[in-house]
Amino acid sequence: MKRKNLINSIRLLLLSTCVIIILFVTTIVIYAYFPGIFENKKDNDSYTIYKLNYDTYKLSNNEKNNEIKYGFELFQNTPEYIGPNNKYNNKVYSGNNLSCTNCHLNAGTKAYSAPLIGVNNRFPQFRGRENKMGTLKERINGCMERSMNGVVLPVNGKEMNAMISYMKWISRYAPKDGIVKGSGFLPITIPNRSVNLEHGEKIYELHCVLCHEKDGSGQKIIDSDRYLYPPVWGDDAYNHGAGMTRVITAAKFIKANMPHGIEFNEPTLTDEECYDVAGYINQKIRPLKVNPEIDFPDIKKKPVSTPYPPFDDSFSIKQHQLGPFQPIMEYYKTKYGIVKTK
Ligand code: HEC
Ligand code: HEC
């Protein structure tokens, strides 16, 4: 009887050791083949803010909600309300027919396309371009004068107030400090070389021409001023003072958002490809921002990939447009202790 017990215990011990070993090996194998499996889950959780309800159509009609809805409309269908051919206002504010949502995708609610969730909590903020504290209204007008190649919206006008209401509404789940994962653009490794324009052209033909056309002019929606595929250069595109004309900014935007339809966690293009195609589109002709020389009263703070002078360094204009950017960044770090990322 005793012996039988002993044999049984030994069996049990062997069995449990086997089970433990099998479990251990499986865990190691899973880890080795899918290293991100556990972090990814956590990672996805912190992007849930982008999946919440931002549908203005679900709002009931009252004065406050109607202002939010108008803000959304302006953001989504900008040329119809303030564009060059609008029939809505007796004044034209934007100089092209882009919509805000063409760069701030899903009406400002897509991660890594400069989303505006939480934006009102991030302002007022220090702005290098003006070398002072800037308000959210001033920031919107920054995009009006550059990305939209237009003029400022009156700061207390109906349009500006509606945009602010919309941005506040989509920020209602954001933390108080406005810090939201996925703000701005996706970080990339900036190649330590100048842009290869020939490679950029190849990438454009392979991955972009289908929608943005050979001449960069995009495609309008039939019988409308709005674009199905917005222009990336030419008369109706963003002007040379816009953030998107900086190769580094455009490359980061492209990485997470183009070709249209991709998500940031499944990019189609490599960092090198984004860099070259961003350089390619930004070498093309586009409207010029007026008085670019008075941007950045403190020119030390100008981003390294701003395509126009003056600069506080002796690198060529070409190098500011097409890189390599690392030597310029290094110069500002050594000389002024300023760390530049764009
Ligand atoms: C051609 C592309 C483009 C268009 C069109 C555009 N923007 Fe922008 N916008 C940008 C870029 C680039 C930034 C800078 C993002 C960054 O700092 O990383 C920006 C930043 C902003 C910010 C600050 C975001 C933040 O997180 O600090 C606001 C607000 C904004 N834009 C509003 C608008 C509004 C409103 C419109 C339409 C009237 C508009 N933009 C149209 C490209 C564009
Ligand atoms: C399937 C069609 C499609 C393809 C392919 C595509 N885009 Fe776009 N692109 C769009 C659309 C649509 C928008 C506007 C986004 C929105 O409104 O949701 C856009 C917006 C942009 C913008 C910002 C708005 C503007 O016009 O300045 C840039 C820059 C851009 N695309 C560059 C590229 C580049 C570079 C490629 C190739 C790597 C590319 N796109 C491929 C459809 C496309």
Counting Lys and Arg as +1 and Asp and Glu as -1, each charge on the Cβ, what is the dipole of the chain about the Cα centre in debye, to the nearest 20? 1600 debye
In degrees between 0 and 90, to the nearest 10, how far off the longest principal axis of the chain does helix 197-207 point, with axes built from Cα atoms? 70 degrees
From the cross-link list LYS69/LYS137; LYS132/LYS220; LYS51/LYS284; LYS252/LYS333; LYS255/LYS340; LYS51/LYS202, which pairs have alpha carbons spaced over 28 Å apart? LYS132/LYS220; LYS51/LYS284; LYS51/LYS202
When the chain is modelled as a GNM with alpha-carbon springs shorter than 10 Å, which of PHE24, PHE253, PHE75 fluctuates the most? PHE24
Max mean-square fluctuation residue, GNM over the chain, Cα-Cα springs under 10 Å, options VAL180, VAL19, VAL247: VAL19
State the dimensionless ratio Rg/Rh of the stretch 95-141 (Rg: radius of gyration of Cα atoms; Rh: Kirkwood radius). 1.02
May I have the pair-distance distribution P(r) for the stretch 224-329, computed from all Cα-Cα distances with 5 Å bins from 0 and rounded to whole percent? 2, 12, 20, 22, 19, 13, 8, 4, 1, 0
Radius of gyration, Dmax [the stretch 174-224; alpha carbons; angstrom]: 17.6, 46
Over the Cα atoms of the chain, Rg to Rh with Kirkwood Rh, two decimal places? 1.13
Provide Rg over Rh for the stretch 190-267; use the alpha carbon set for both Rg and the Kirkwood Rh (inverse mean inverse pair distance). 0.97
How would the stretch 44-90 be classified by its alpha-carbon gyration tensor: rounded, prolate or oblate, with rounded meaning a/c under 1.5 and the a/b versus b/c comparison settling the rest? oblate
If one puts a single equal scatterer on every Cα of the stretch 57-170 and applies the Debye formula without solvent, what log₁₀ I(q)/I(0) results at q = 0.13, 0.14, 0.15 Å⁻¹? -0.47, -0.55, -0.63
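Taken together, the values in this text are just the output of simple stated rules run on the coordinates, not laboratory data. Quantities reported herein were computed from a predicted structural model and do not represent experimental measurements. Methodologically, a virtual Cβ is constructed for each residue, glycine included, from the backbone with ideal geometry; neighbour enumeration extends over all protein chains shown.
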